[in-house]
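Here's the structure we're looking at; comments come further down.
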Amino acid sequence: MKKGDVIELRIDDINNLGCGVGRYDGKVVFVKGAVTEDTVRAIIIKDNKSFSVARLDAVLSPSPFRMESELCNTPLSCGGCVYRHVTYEHELGIKHGFVKSAFSKAGLGEVTVLPVMSTQKVRGYRNKAQYPVANTKSGMRSGFYASKTHNIIPVDDCAIQSPTFADITKAVCGLCDEYGIRAYDENTGDGLLRHIYLRIAEATSEIMLCLVLNGKSLPHEREITERITAKFPDIVSLLINTNTENTNVVLGKEYRVLHGKDYIEDVLCGLRFRITAQSFYQVNREGAELLYGLAASLAELDGSQSVADLYCGTGTIGLSVASKAKKLVGIEIVASAVDCAKQNAEYNGIENAAFFCADAGNAENILTAMGGERPDVVIIDPPRKGSTRELVECLASLDVPRVVYVSCDPTTLTRDCVWFKEAGYEIGAVQPVDMFPRTGHVESVVCLTRK
């Protein structure tokens, strides 16, 4: 095959990038936007020795798993909702297959992978968004970067973001046009506004609006502040973030409050949390409550156990189970997150929790934080790269009876489970949770018990 060839093929599978997978003359062909059991006409846009990539030209025979109307009309190049054209029931099946396949490939095919759990909320579930902005012929527009590029696709309304965000971004762009404020151009370094950063606390309806600037101040700050907060009274935190670096990193280190406070407050698992612009907080609040509830159930706490919450971040998981533990100790290497965890504990009147800034992979750090006591239960929620063999060996050396592992990546989870098995732990049933509907990501939680 060569670029420009038109082919017809049946789609046999779909990957985590939302590409249908078929075969033509024995070669694998990836077609963005195609669905399992589709028959499609596609145009080759890239051909390698082992595979080809094609653009979907027409669906000749639609799959029963294809939605009659897609989730949104944004161009496919957005790359966010890779399953926007797939029925949600089929999406959950796809994600179950990803987790099950990861365990099989790791040599753990005997492990039970349960059906994917979900809140069934697939629209408007995200409580955080960072919109890059661009100058266009019709004025400033906000949107998202096209997949693997820094080309901005204008997006008026993202289906998985809070519906309020669209109105706020339009208003900000309109005010910038009115006051002659230009969007930052990363090629020339000119312009002022780089990103519009929004967070919403669903339980309280409080909104944080943070304007990321290529500078320290905004022209007509007072007028803009008064007008935007009058139009959107739920904005209780309006911030300026300064980022003058030539970098892909969205946020700079310096913040300044223009209106209200430097945080918003939300309720999660019955606890109240303060969320700053820098704080990690799950973008799907209802999904987080589902996930944390599962983790608490697997921990099997009865008030007599001491719990270590490793990679604890701002303490959300640990604090959600603190009432059922004798003692909770959180360990996190990021100092600002530890400060937030301490404040959250104090704010909720939780007196049996303590948080330490240290490397959670070091056995001595864990023992020191626990006051020399071995934890009865350890909860770990590592980043996408997973945990480390050193931490697994550390927990085994301490003879920790029960480890509850919360994972955001099936591949690194299975790798770590192999290490736990080698260290003498039994792997319980894996419960996938769809925290990010319509995207290619899936979370999982599993309990590992000492033999």
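Bear in mind that the values in this text are calculations on the coordinates, not laboratory data. These numbers were taken from a predicted model, which means no experiment stands behind them. Neighbour counts are summed over all protein chains in view; Cβ atoms, including those assigned to glycine, are modelled from backbone coordinates with ideal geometry.
Give me the net charge of MET435's neighbourhood, meaning all other residues with Cβ under 14 Å from the Cβ of MET435; Lys, Arg count +1, Asp, Glu -1. Could the numbers behind the result be given before it?
Details: positive: LYS95, LYS121, ARG126, LYS128, ARG285, ARG384, ARG438; negative: GLU91, GLU286, GLU289, ASP381, ASP409, ASP434, GLU443.
Cβ neighbours under 14 Å give a net charge of 0.
Compactness ratio of region 253-307: Cα Rg over 2.2 N^0.38 Å, N = residue count?
In units of the 2.2 N^0.38 Å rule of thumb, it is 1.53.
Just the C-alpha atoms of region 1-122: what Rg/Rh do they give, with Rh taken as the Kirkwood radius?
Over the Cα atoms of region 1-122, Rg/Rh equals 1.00.
Only four residue types carry charge here, +1 at the Cβ of Lys and Arg and -1 at the Cβ of Asp and Glu. Report the dipole size of region 87-229 about the Cα centre in Debye, rounded to the nearest 20.
380 debye
Note the direction-averaged projected area, equal to a quarter of the hull surface, for the Cα convex hull of region 160-205, in nm².
Values: hull surface 16.9 nm².
Over every viewing direction, the Cα hull of region 160-205 projects on average to 4.2 nm².
Can you pull out the GluC sites (Glu not before Pro) in region 199-253 that DSSP calls coil and that have at most 15 other Cβ atoms within 10 Å?
Sites meeting the loop and neighbour criteria: GLU245.
Rounded to the nearest Å, what's the spacing between the alpha carbon centres of region 286-348 and region 229-261? Just the number, please.
Their Cα centres are 29 Å away from one another.
From the helices alone, meaning DSSP H stretches of at least four residues, give me the mean residue ellipticity at 222 nm for the chain, per-run term -39500 (n - 2.57), in deg cm²/dmol to the nearest 500. Don't jump to the answer; show the numbers that get you there.
Working: 9 runs with 108 residues, N = 451.
Calculated at 222 nm, the ellipticity per residue is -7500 deg cm²/dmol.
Determine the sum of side-chain charges near ALA295: Lys and Arg each +1, Asp and Glu each -1, restricted to other residues whose C-beta is under 13 angstrom from that of ALA295.
Working: positive: LYS324, ARG402; negative: GLU289, GLU300, ASP309, ASP381, GLU443.
Around ALA295, the charge tally is -3.
Taking only C-alpha pairs under 8 Å that are 6+ residues apart, what is the relative contact order of region 229-331 in percent?
17 percent
Pick out, in residue order, every one of the trypsin sites (Lys or Arg not before Pro) in region 10-104 that is DSSP loop and has at most 11 other C-beta atoms within 10 Å; say none if there are none.
LYS49
What does the charge count around SER279 come to, taking other residues whose C-beta lies under 11 Å from its C-beta (Lys +1, Arg +1, Asp -1, Glu -1)?
Values: positive: LYS128, ARG199, ARG274; negative: ASP262, ASP266, ASP339.
Its environment carries a net charge of 0.
If you place +1 on the Cβ of every Lys and Arg, -1 on the Cβ of every Asp and Glu, and leave all else neutral, what size is the dipole of the chain about its Cα centre, to the nearest 20 Debye?
Working: 50 positive and 56 negative charges, 185 e Å.
For this selection, approximately 880 debye.
Of ALA54, LEU301, ALA358, which is farthest along the charge dipole of the chain in the positive direction, counting Lys and Arg as +1 and Asp and Glu as -1 at C-beta?
Highest projection toward the positive end goes to ALA54.
Restrict the search to region 219-263; then list the trypsin sites (Lys or Arg not before Pro) that DSSP places in a loop and that have at most 11 other Cβ atoms within 10 Å of their Cβ. Show your work: numbers first, answer last.
Details: sites: ARG222, ARG227, LYS231, LYS253, ARG256, LYS261; in loops: LYS253, LYS261.
When the trypsin sites (Lys or Arg not before Pro) of region 219-263 are filtered for loop state and at most 11 Cβ neighbours within 10 Å, LYS253 remain.
For the chain, calculate the relative contact order in percent as a whole number, restricting contacts to Cα pairs under 8 Å that are 6 or more residues apart.
Details: 993 pairs, mean separation 54.2, N = 451.
Relative CO of the chain lands at 12 percent.
Got a sec to turn the phi values of region 372-384 into Karplus ³J(HN,Hα) couplings, 6.51 cos²θ - 1.76 cosθ + 1.60 with θ = phi - 60°, whole Hz, x for Gly and Pro?
x, 9, 6, x, 7, 9, 10, 10, 10, 9, x, x, 4
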